[in-house]
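Visitor: Next up is a structure, given as structure tokens.
The values are calculated or read from the model by the stated rules, or taken from the named source; none is laboratory data. The model shown is predicted, which means the values in this text are computed figures rather than measured ones. Cβ: placed from backbone, ideal geometry, glycine included. Neighbour counts: every protein chain shown.
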Amino acid sequence: MHRRAESCSLSDAATLSAATASEYAPVRMSLAAVLCLFARHRRTLVSATTALALASLGTVGCAEWSAQGEANASGRNGPSPESSRPARQARSCPKGFGDCDRDPTNGCETQLEPWETECSLCEPACRDGMVCRSGVCRDADPPVKLGAGSDHTCALRRSGAVVCWGDNSYGQLGDGTTVGRTRPVRVSGLNDAVDLAVGDRHTCAVRASGAVACWGDNSSRQVGHDAGTESPLPAPVPGVREAVQVTAGQVHSCALLANGKATCWGSSESGQLGDGNVDGRSMPPVPVHAIGMQLVQLSASTTHTCALNRMGQVTCWGRNDRGQIGDATSSAHRPSPVLVRGLSQVTQIASGPSHGCAVRVKGDVLCWGSSEGAAKDAGKPVAIAGLSDVVQIGAGASHTCARTSDGRALCWGSNEHGQLGVEGRSRQLQPVPVAELQGVALIAVGRRHNCALTEARQVVCW
């Protein structure tokens, strides 16, 4: 670890003790002066950000300020012999080295290579798994997508690795165990994922080759094989090739293929596989009945599935007891895809257990079905008031969340578990902003919880 010398952060400067401040009371301190004063007592070095701030303010060096301050504090009009001495200046060091104690008499102390782990002159090295980006230690392999299920959450990293945390009773974290984790653990043997889906108690990923691998609860063959009711490690789904997206419900899974078609596997008791049958479990995967247009997105929930085609239309199939299929009825399951009525120009969809929602080109949101987080008029899409500029939607068991183009997250519906991100536990019938959350780049909505990926590539959950 390299010592930081002669500077501090703005937050550190604000914590100067009263004793320290009173010692230099006669000195009229500028921002730079406060920083330098703190540095003399703490012997720490300014961060790259603070150094740039000082430079932009045109302030003097810390050593120079020290000499000036002592002269002013003496109360003498003229310079004293001590204060008139030349101020010590930091030594000029070659690239890759730093004068970390700002003492020109002992040379350049520290070699600062490699630059990826040393985030600034004389700064401590970034911890494991972090690298320096623009003067700040950041995740070396940041997340690019999140998925939230019933009681577990997963993140797809830029490298293609996947990490998961939460309940692991069925092996849904993919680390080869059934031990729950409060911190992310890496999914074993998976380093080339390009898409991720988190179901109630199982998880799936699309690999770079177009194959699909799943793990976790396999009681209805939703993981894609016949070898037992649990699969704690990723296993390939036989017969699925050229997949570009995957989605996971409670007891079934589906994949979108490069040709715009879909295939599903697992339970079909409610017709959620879309092959026209309600005859129990299906393995190997079956093709979804022809929809007529190339598909661009799939969204599965507990016992039904919806699809968005390239013309901006939405079709759904499966359970329909709450109007979640969107055909203006709330009876009879739909084992084959049917068109959601009154929807066009849709850009993104989301499915909850008993409701569905869609974002349209102009940024408004329409929902259908029956839920505290969706429309009250079962089976018929209705607009959600108070929403505009929406670019992403997510649906939970009884709540819904939206992300706007300016990086805000808003949620509505049940707040029994704090899933709306606001104080209290009261149900909200209109969208409310998630407290103290800005700069949201992506949201993931689970059954009773949510997570967000910020523009700084940090993951926040509530």
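Visitor: Within the group A255, A248, which residue is touching a Pro at 6+ places or on another chain (Cβ under 8 Å) and under 19 Å from S301 (Cα atoms)?
Guide: A255
Visitor: A follow-up question, please. If I ask for residues that are crowded, with 24+ Cβ neighbours inside 10 Å and outside any strand (DSSP E or B), which ones from the range 203-220 would you list?
Guide: Across the range 203-220, the qualifying residue is only N218.
Visitor: Give all pairs with beta carbons closer than 9 Å in which a residue from the range 412-428 that is on the phi > 0 side of the Ramachandran plot meets a residue that is among the basic types (K, R) and in a loop (DSSP other than H, G, I, E, B); count only pairs at least 6 apart in sequence or on separate chains.
Guide: G413/R427; G418/R425; G418/R448
Visitor: Condition test on R241, is it at negative phi and among the charged types (D, E, K, R)?
Guide: So R241 fits the description; yes.
Visitor: For T347, which of the numbered conditions (1) surrounded by fewer than 19 Cβ atoms within 10 Å (Cβ to Cβ); (2) part of a loop (DSSP other than H, G, I, E, B) fails to hold?
Guide: (2)
Visitor: Only residues that are in contact with a Cys (Cβ under 8 Å, 6 or more places away or on another chain) and assigned to a loop (DSSP other than H, G, I, E, B): list them for the range 221-260, please.
Guide: Q222, V223, G224, V237
Visitor: Can you report the number of residues in the range 168-184 which are within 21 Å of the chain's Cα centre (by Cα) and surrounded by fewer than 18 Cβ atoms within 10 Å (Cβ to Cβ)?
Guide: 4
Each row is one residue, and each column tells you yes or no for (1) over 23 Å from the mean Cα position of the chain (by Cα); (2) basic (K, R); (3) closer than 20 Å to N320 by Cα; (4) crowded, with 23+ Cβ neighbours inside 10 Å.
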| site | (1), (2), (3), (4) |
| --- | --- |
| L196 | no, no, no, yes |
| G249 | no, no, yes, yes |
| Q272 | yes, no, yes, yes |
| D275 | yes, no, yes, no |
| D279 | yes, no, yes, no |
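Visitor: Identify, from the list D200, D195, the residue that is within 21 Å of R447 (Cβ to Cβ) and in a loop (DSSP other than H, G, I, E, B).
Guide: None of the others qualify; the one that does is D200.
Visitor: Scan the range 419-462 residue by residue and report those that are over 9 Å from the mean Cα position of the chain (by Cα), of a type in the set (V, I, T) and closer than 20 Å to D389 by Cα.
Guide: V432, V434, V445
Visitor: For residues that are outside any loop (DSSP other than H, G, I, E, B) and closer than 17 Å to H399 by Cα, tally how many sit in the range 443-462.
Guide: 7
Visitor: On the basis of being among the polar types (S, T, N, Q) and assigned to a loop (DSSP other than H, G, I, E, B), does S330 make the cut?
Guide: yes
Visitor: Look at C254 and say whether it is farther than 18 Å from C451 by Cα, without any contact (Cβ under 8 Å) to a residue 60 or more places away in the chain, more than 22 Å from the chain's Cα centre (by Cα) and buried (at least 24 other Cβ atoms within 10 Å of the Cβ).
Guide: yes
Visitor: Turning to a different aspect of this structure: Quick check on this structure: which one of G160, G147, G189, G171 is assigned to a strand (DSSP E or B), small (G, A, S) and either modelled with pLDDT of 95 or more or at negative phi (or both)?
Guide: G147
Visitor: Can you go through P285, P337 and tell me which one is more than 22 Å from V198 (Cα to Cα), crowded, with 18+ Cβ neighbours inside 10 Å and in contact with a strand residue (DSSP E or B) (Cβ under 8 Å, 6 or more places away or on another chain)?
Guide: P337
Visitor: Now for a separate question. Has the range 366-387 got at least one residue that is surrounded by fewer than 18 Cβ atoms within 10 Å (Cβ to Cβ) and assigned to a strand (DSSP E or B)?
Guide: yes
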